[in-house]
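Report on one structure; see the data block that follows.
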Amino acid sequence: MSELFKIIQVTPNDTTKILIKEIFTITVTLQLLNQKIDEKEFLKDIDLELWTDLKCDESKKVFKEDIQGYAAKLKFHNRTNDIFTFERTFIPSEAGFFKFMVRHKFNNSINWGWFQTESGKKEIEIHVEPSWSSNTVIYNAFVRQFGAIDKNNDGVINPGEGGTFNDLIKRMSYFKKLGINTIYLNPIQSAGEIFKYRTEERNYYENNLTNHLPVHMHPGSVYSIKDYKSIDPELGLNENIPDTDQYHEFKRFCKICHKNGIRVILDIVFDHTSRDSFIQRLHPEWFIYKKDPMSLEGEFITHDHPDADKYWGKPEHAFSPYDHGVFWTDCIMLNWNYYYSLDTLAPDKSKPPRNPSIEQMRDYFKNVLIYWIKNYGVDGFRLDVSYAVPAEFWHDAILECRKSAKNICEEREKHPRAQEVAPLSPDILFIGETYVDKVNELQNCGISALNGDFSSKVYTVEMLKGYLDYAYNISGNFFPNGSRWLLFPECHDFNRLPKKFEGSLKNKDSDVKLNKSRWVLAALLPGIPMLHNGYEVVEHENVSVQTYSTINWNSEKNISAYISKVNHIRNKYVAFQKGKYIFVDSEQGTTNSAQLYSFIRYHQSENEIEAFLVVVNMDFNNKVDGIKIDLPNIPGFDLNKTYELTDLLIGEIHKREGKFLTIILGPGESHIFKIKQ
Ligand SMILES: [Ca+2]
């Protein structure tokens, strides 16, 4: 049979991420090698089958009429000369990891031939992603900072004046107005008490005049967790409910979020714990030890080392995580049997001892995730330092969390009193923190979106275009199709935007223009936008993860109305949530001095094509005065004929013809045009 035809293509032919409840098509293209065969005869004699474990709403309908189990016949689609295409469409009903294979036989042959990709793969992986990964707009609240207020007017934030869950609850209508639909909280657990500061920071805090508190009075880094199932009691303070506690307050927060259609994502830190974490006491074998825990050179001390009595199992000798030249002395590293940082950074190649109860540790951490889903109805997680935990652990954890979430959601339906909380849907979202490390491995293990490097690429048109071309496989094939990235101009890890650009802000309101322009990019480029608290009031001061910090909510510079407008545009149009992206050239070119970042987003549904042109002046000091941009072909539009551009930000309508447009835009301003023809 092989001499009659050959399969030349199967699409997709590599790991692909698709959305739950969205139509997904698998296409097989084959070439007829013997032209003399009659088309009717050929179609009668060819059998093309798809084998898959995809879970579909209409799986009964799809699979029943077709052969056995999960086999489905591919249907003839069309023919051009000697090329035939066959298709099968699905609507996946459950988030998860699946695969499919394609096989063929001809003329009642008893032998099936299995299709293999060029790299010899028979099974092609499909990740069905949470539906809300496309339409979510995230607000990142650092609870301790968000509501911090100097109640006694002594000019500083003292213990008891930090932010609480109740401060977030009080601003629920603000969040809704802002057009966000997910709140991501930096860790809310209690921080460790020992080594609250890393040694080099200790000096800074002791000498910094703005820091009035002695070291032991600081609340400690939220990324140095003492007990994974705890909540910092200070976050649960509430003057109106004196007998409440942090657990009750967090549950109340989650419930009110859900009532308002807002999902909750929790930060989880599985790379390290605080030095005095309780699991270090219970499971010393989950950690690794050195005589000097802040040394790359010294040997690891195993439990049977001659000096084990002195060092092994002792929290003060547990090895600290090491990152970019700095030991995080307030933390100790968990032993995942995964020596990523050590292998690349340690001058000696000595490996830490294997964790003898790694399976137990993996189970413990999976249960930590399930604990938050079951007891608070948490909808997703942001995985801190996700690249330092094995990807296969994440893969398993994602599967088990979604399985548990499904049961919890069903239980909530059946027994709402017994199960008083549940995620809004069982498709728990996982976002992995990594900027540049192990991105491919993490995209492939089933994490729905990665932090990525957007916030450090928003300086120039050239940098940003290069980054997006890479992230979205436009300049090569780096990641699974459909990979998603978190797009945030700011987060707790880096300086705030106005600080980053400090030297180049020339006018009084350049910082406002800067933040406005970067939000349009974050919200409307492909990805998941995330707004870091304080960005909307153009805050210059960074958050402090170790101690108290505030946001000046009364700042004269407030762009929340603008952000809200942009977010509502994103929320209204599917093209911005999951449409295709095309970069638009300008006569200034794609250089570091170019001002305009322009792009098309379009989405084709059954009855219409939605298309938008976004033009952003990335220059926050100078206007753009008559620069030509050159529109690409947009499917469904004929730009030689008149078309209409409606600027959704200001409501102006322009009629144009041809592919060149002349742009005039103030510093940091943008056009968001809906294109109609
Ligand atoms: Ca105070």
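The values are calculated or read from the model by the stated rules, or taken from the named source; none is laboratory data. A quick note: this is a predicted structure, and the numbers were derived from the prediction, not measured. Cβ placement follows ideal geometry from the backbone for every residue including glycine, while neighbour counts extend to all protein chains displayed. Please note that ligands, DNA and RNA were not included when accessible areas were found on the heavy atoms of the full protein model with its side chains. Shrake-Rupley method; radii C 1.70, N 1.55, O 1.52, S 1.80 Å.
Check whether at least one residue in region 397-406 is touching a Leu at 6+ places or on another chain (Cβ under 7 Å) and either of a type in the set (Lys, Arg) or closer than 21 Å to Met333 by Cα (or both), and report yes or no.
Among the residues of region 397-406, at least one is touching a Leu at 6+ places or on another chain (Cβ under 7 Å) and either of a type in the set (Lys, Arg) or closer than 21 Å to Met333 by Cα (or both), which makes the answer yes.
Any idea which residue in region 25-48 is modelled with the lowest pLDDT, counting only those that are surrounded by fewer than 19 Cβ atoms within 10 Å (Cβ to Cβ) and within 30 Å of Glu94 (Cβ to Cβ)?
The selected residue is Asp47.
Only one of Asn567, Asn552, Asn558 is touching a Gly at 6+ places or on another chain (Cβ under 9 Å), within 21 Å of Leu168 (Cβ to Cβ) and open to solvent by 50 Å² or more (accessible area, probe 1.4 Å); which?
The match here is Asn552.
Listed here are the residues, each with its yes/no results for (1) at pLDDT below 95; (2) among the hydrophobic types (A, V, I, L, M, F, W, C); (3) not in a helix (DSSP H, G or I).
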residue	(1), (2), (3)
Glu462	no, no, no
Lys465	no, no, no
Leu486	no, yes, yes
Leu514	no, yes, no
Trp519	no, yes, no
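Test of understanding: among Lys500, Lys465, which residue is touching a Ser or Thr at 6+ places or on another chain (Cβ under 6 Å) and within 20 Å of Ala594 (Cα to Cα)?
Result of the check over Lys500, Lys465: Lys465.
For region 269-282, name all the residues that are out of contact with any helix residue (DSSP H, G or I) (no Cβ under 7 Å at 6 or more places or on another chain) and in contact (Cβ under 8 Å) with a residue 40 or more places away in the chain.
The answer is Val269, His272, Ser274, Ser277, Phe278.
Name the single residue that is least open to solvent (accessible area, probe 1.4 Å) among those in region 600-620 being closer than 24 Å to Ser510 by Cα and in contact with a Pro (Cβ under 9 Å, 6 or more places away or on another chain).
In this case the residue turns out to be Asn617.
Thr164: surrounded by 16 or more Cβ atoms within 10 Å (Cβ to Cβ), over 30 Å from Glu22 (Cβ atoms) and among the hydroxyl-bearing types (Ser, Thr, Tyr), yes or no?
yes
With the requirement that a residue be open to solvent by 70 Å² or more (accessible area, probe 1.4 Å) and part of a loop (DSSP other than H, G, I, E, B), what does region 643-654 give you?
Those that are open to solvent by 70 Å² or more (accessible area, probe 1.4 Å) and part of a loop (DSSP other than H, G, I, E, B): Ile650, Glu652.
Restricting to region 621-642, and then to whatever is of a type in the set (D, E, K, R) and in a strand (DSSP E or B), can you tell me which residue is least open to solvent (accessible area, probe 1.4 Å)?
Asp630
Yes/no matrix, rows are residues, columns are (1) assigned to a loop (DSSP other than H, G, I, E, B); (2) surrounded by fewer than 21 Cβ atoms within 10 Å (Cβ to Cβ):
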| site | (1), (2) |
| --- | --- |
| Ala72 | no, no |
| Phe76 | no, yes |
| Glu87 | no, yes |
| Lys99 | no, yes |
| Thr117 | yes, yes |
| Ser133 | no, no |
| Asp150 | yes, yes |
| Lys176 | no, yes |
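One residue is enough: does region 396-409 have a residue meeting the conditions among the hydrophobic types (A, V, I, L, M, F, W, C), under 18 Å from the mean Cα position of the chain (by Cα), assigned to a helix (DSSP H, G or I) and surrounded by fewer than 17 Cβ atoms within 10 Å (Cβ to Cβ)?
Yes: one or more hits.
Please identify the pairs in which a residue from region 650-673 that is on the phi > 0 side of the Ramachandran plot has its Cβ atom under 7 Å from the Cβ atom of a residue that is at pLDDT 95 or above and not in a loop (DSSP other than H, G, I, E, B), counting only partners at least 6 apart or on another chain.
Gly668/Lys513; Gly668/Leu514; Gly668/Lys516; Gly668/Ser517; Gly668/Asn617
Across region 561-586, what is the number of residues that are of a type in the set (Ser, Thr, Tyr) and not in a helix (DSSP H, G or I)?
Counting residues in region 561-586 that are of a type in the set (Ser, Thr, Tyr) and not in a helix (DSSP H, G or I) gives 3.
Somewhere in region 81-104, is a residue more than 16 Å from Ser549 (Cα to Cα), without any contact (Cβ under 8 Å) to a residue 60 or more places away in the chain and of a type in the set (Asp, Glu)?
Checked against the condition, which is being more than 16 Å from Ser549 (Cα to Cα), without any contact (Cβ under 8 Å) to a residue 60 or more places away in the chain and of a type in the set (Asp, Glu), region 81-104 yields at least one hit.
If Lys61 satisfies all but one of (1) over 34 Å from the mean Cα position of the chain (by Cα); (2) modelled with pLDDT of 90 or more; (3) under 25 Å from Pro426 (Cα atoms), what's the number of the condition it fails?
Here Lys61 clears every test but (2).
Could we say that Asp638 is acidic (Asp, Glu) and touching a His at 6+ places or on another chain (Cβ under 8 Å) here?
No, not satisfied.
Going through region 135-186 one residue at a time, which ones are touching a residue at least 40 places away in the same chain (Cβ under 8 Å), within 14 Å of the ligand (Cβ to nearest atom) and within 23 Å of Lys259 (Cβ to Cβ)?
Passing the criteria: only Gly163.
In region 274-308, which residues are under 16 Å from Phe195 (Cβ atoms) and in a loop (DSSP other than H, G, I, E, B)?
Across region 274-308, the qualifying residues are Arg275, Asp276, Ser277, Asp292, Pro293, Met294, Ser295.
Determine, yes or no, whether Lys508 is of a type in the set (Lys, Arg), at pLDDT 95 or above, open to solvent by 10 Å² or more (accessible area, probe 1.4 Å) and touching a strand residue (DSSP E or B) at 6+ places or on another chain (Cβ under 8 Å).
The answer is no for Lys508.
Checking the conditions here, which among Ile231, Ile183, Ile188 is in contact with a strand residue (DSSP E or B) (Cβ under 8 Å, 6 or more places away or on another chain) and either at pLDDT below 95 or assigned to a loop (DSSP other than H, G, I, E, B) (or both)?
Among Ile231, Ile183, Ile188, only Ile188 is in contact with a strand residue (DSSP E or B) (Cβ under 8 Å, 6 or more places away or on another chain) and either at pLDDT below 95 or assigned to a loop (DSSP other than H, G, I, E, B) (or both).
Among the candidates Ile431, Ile447, Ile474, which residue alone is within 27 Å of Asp323 (Cβ to Cβ) and assigned to a loop (DSSP other than H, G, I, E, B)?
Ile447
Can you name every residue in region 656-670 that is in contact with a Phe, Trp or Tyr (Cβ under 6 Å, 6 or more places away or on another chain) and small (Gly, Ala, Ser)?
Gly668, the sole residue that qualifies.
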